[in-house]
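Undergrad: Pasting in a structure now, in structure tokens, and then I'll have a few things to ask.
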Amino acid sequence: MNINLNILHWVYLLFILFIVGTMVRKRDTTLVCLIGVFMLGLLATGSLSQSVIGVFSSLIYAIKELMGTILIISIVYAMSQVLQDTGINEVMISPFTKFIKTPTLAYWVIGILMMLISLFFWPSPATALMGAVLLPVAIKVGLPPIGVAIAMNLFGHGIALSSDLVIQGAPKLTADAAGIPVADVISASIPLVLVMGFVTTLTAFLFLRHDMKKGLLKIKAGDFDSNSEDQSNNKSFKRILSTNIKRILAILIFILFTIDIIVMVLANLQGGDATALIGGTSIFIFTLITLLAYKNEGLEEITEYLIKGLQFGFKVFAPVIPIAAFFYMGDMGFVSVFGNVLPEGSTGLVNDLGVVLAQTVPLNKAIASITLTIVGTITGLDGSGFSGISLAGSVAKLFATAIGSGIDTLTALGQIAAIWVGGGTLVPWAIIPVAAICDVSPFELARRNLVPVVIGLVVTTIVAIFLL
């Protein structure tokens, strides 16, 4: 298939490079993306007014595409806040404390539990849910606070967030940019997530144990009660349900989410349907607990928690929306916003560039995989992880078209690299919540994560080359 590139294609590619360069400099890319949409619209329509309208319309298009993801995250966050404020989170986690007998068990139990909870609640809420309960237990058995922070960080913001198997926010963004089903990205990501997770967490543990044996990490007396003052002022200690009710509700939550998983498997629910099932269940749990805890004030408190959840959801996705809007323009979203103004025979700007790339550059699987890891890493430097994964999906589509296969694997690889770097394991300003909960320096946590994460990315990239 012969495709002649015109100025639209070159401008789109130029703005991709601008976005990458802006991310490398650790600057926000919102303005670059909005200008990019405006320039594409101006070149395609020749109308200043239509270009200005197109900028706004592209944001509407992106919000419409992302609204399901924003809403599920907002609802889950609202539910997690209710669990924390009522103390149910402690009841949910307390059975696992009996398994924490040694520093080694503390690291792995806390990590695995953090991963499981993060799959349903997302890492940021899960950090708050777990930190106050498990940190003192781990310290008592000899695991330093930095060890707890590493475990919670790598398993939660690393493994759970990079896969996002339940809420499916990350694969939704990358799949849309790559133009493939969400289920394809999820399936391709599983082996890569397993490799990345195993290599990174094991390497980090070995380094941690080495430093502990050499006496480089010691527990200070103040570590045992560092959170006591915060806990005494926490709302969860002011409005407590009875112990029996909290136990019943904790069991009910576990049963309901287990039923959700069973239904997903039996009914083959994926993507939006699976997300809607989790969201509906979360709404039920959230409203029930709020009514039981606040009684006559329950109706008003439901609204308050929902507002907090929506504030959190839009705060997370505010920088994502303009970036996603630009990368939707690389596919047929361009037609939805500006009309049928693409060059004749075009199947989307990214597809066209991929075809030309395949015809002119001798790409191979190794170069494609390494490039996607680098692109994902660069996009994660802004500390969001999510704001740039649309770029990873777009580049994956470009390279997969060039080499003729592997779009799902390349997309998953870019997603994993972006979120491990920017979602909260390497960039210091992205790991502040975990560092604050464990009362450690975010820069120290990032420093200790650096080598394990880099080793994990190298190994995962090599595995991806063989999977293509």
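The values are calculated or read from the model by the stated rules, or taken from the named source; none is laboratory data. Just so it is clear, the structure is predicted and the values come from calculations on it, not from any experiment. Quick reminder, even Gly has a Cβ in these numbers, built from the backbone with ideal geometry, and neighbours come from all protein chains shown. Heavy atoms of the whole protein, side chains included, go into the accessibility calculation; ligands, DNA and RNA do not. Shrake-Rupley method; radii C 1.70, N 1.55, O 1.52, S 1.80 Å.
Undergrad: How about the stretch 25-97: which trypsin sites (Lys or Arg not before Pro) there lie in a loop by DSSP and see at most 14 other Cβ atoms within 10 Å?
TA: For trypsin sites (Lys or Arg not before Pro) across the stretch 25-97 that sit outside H, G, I, E and B with at most 14 neighbouring Cβ atoms in 10 Å, the list reads R25, K26, R27.
Undergrad: Once the whole set of protein chains is in place, how much accessible area is left on L17, using a 1.4 Å probe, in Å² to the nearest 10?
TA: Accessible surface of L17 is approximately 110 Å².
Undergrad: Something else now. Mind ordering 408-414, 441-447 by average Cβ neighbours within 10 Å, highest first? Could you put the intermediate results ahead of the total?
TA: Values: 408-414: 31.4, 441-447: 16.3.
In decreasing order of mean packing, 408-414, 441-447 become 408-414, 441-447.
Undergrad: For the full complex of protein chains and a 1.4 angstrom probe, list E65, E297 by accessible area with the highest value first. Before the final figure, lay out each step's value.
TA: On the way: E65 55, E297 90 Å².
Output order, biggest surface exposure first: E297, E65.
Undergrad: Pop the C-beta distance of D211 and I259 into the FRET formula with R0 = 51 Å and round what comes out to the nearest 0.05.
TA: The value I calculate is 0.75.
Undergrad: For the stretch 363-424, state the average projected area of the convex hull of the C-alpha atoms over all orientations, rounded to one decimal in nm².
TA: Numbers: hull surface 12.8 nm².
Projected area, direction-averaged: 3.2 nm².
Undergrad: Using heavy-atom solvent-accessible surface (probe 1.4 Å) with all chains present, what is the largest-first order of D439, D184, D28?
TA: D28, D439, D184
Undergrad: Say the dipole of the stretch 1-128 comes from +1 at the beta carbon of Lys and Arg and -1 at that of Asp and Glu; which of L31, V52, Y107 then lies farthest toward its positive end?
TA: My answer, from the dipole projection, is Y107.
Undergrad: Using only protein heavy atoms and a 1.4 Å probe, report how much of M79 is accessible, in Å² to the nearest 10.
TA: Its heavy atoms expose roughly 0 Å² to the probe.
Undergrad: Quick check on the stretch 1-139: what does the Kirkwood estimate of hydrodynamic radius come out to from the alpha carbon pairs, in Å? Please list the in-between numbers first.
TA: Numbers: mean 1/r = 0.0520 Å⁻¹.
By the Kirkwood definition, the hydrodynamic radius is 19.2 Å.
Undergrad: Any idea what the dipole of the chain comes to, in debye rounded to 20, about its Cα centre with Lys/Arg Cβ at +1 and Asp/Glu Cβ at -1?
TA: Its charge dipole is roughly 1220 debye.
Undergrad: Mind jotting down the three principal axis lengths of the chain based on Cα atoms? Whole angstrom, largest first.
TA: The Cα atoms of the chain stretch 68, 57, 42 Å along the principal axes, largest first.
Undergrad: Mind putting together the pair-distance distribution for the stretch 273-381? All Cα pairs, 10 Å bins, whole percent per bin, short to long.
TA: 11, 22, 24, 20, 14, 8, 2
Undergrad: While we're on this one: Based on C-alpha coordinates, I'd like the Rg and Dmax of the stretch 283-347, in Å.
TA: Cα-based Rg and Dmax for the stretch 283-347 come out at 20.7, 63 Å.
Undergrad: Hey, what's the Kirkwood Rh for the stretch 414-462 if you take every pair of different alpha carbons, in angstrom?
TA: With all distinct Cα pairs of the stretch 414-462 included, I get 11.0 Å.
Undergrad: Report the normalised scattering of the stretch 312-468 as log10 I(q)/I(0) at q = 0.09, 0.12, 0.18 Å⁻¹, calculated by the Debye formula with identical scatterers on the alpha carbons.
TA: -0.34, -0.58, -1.06
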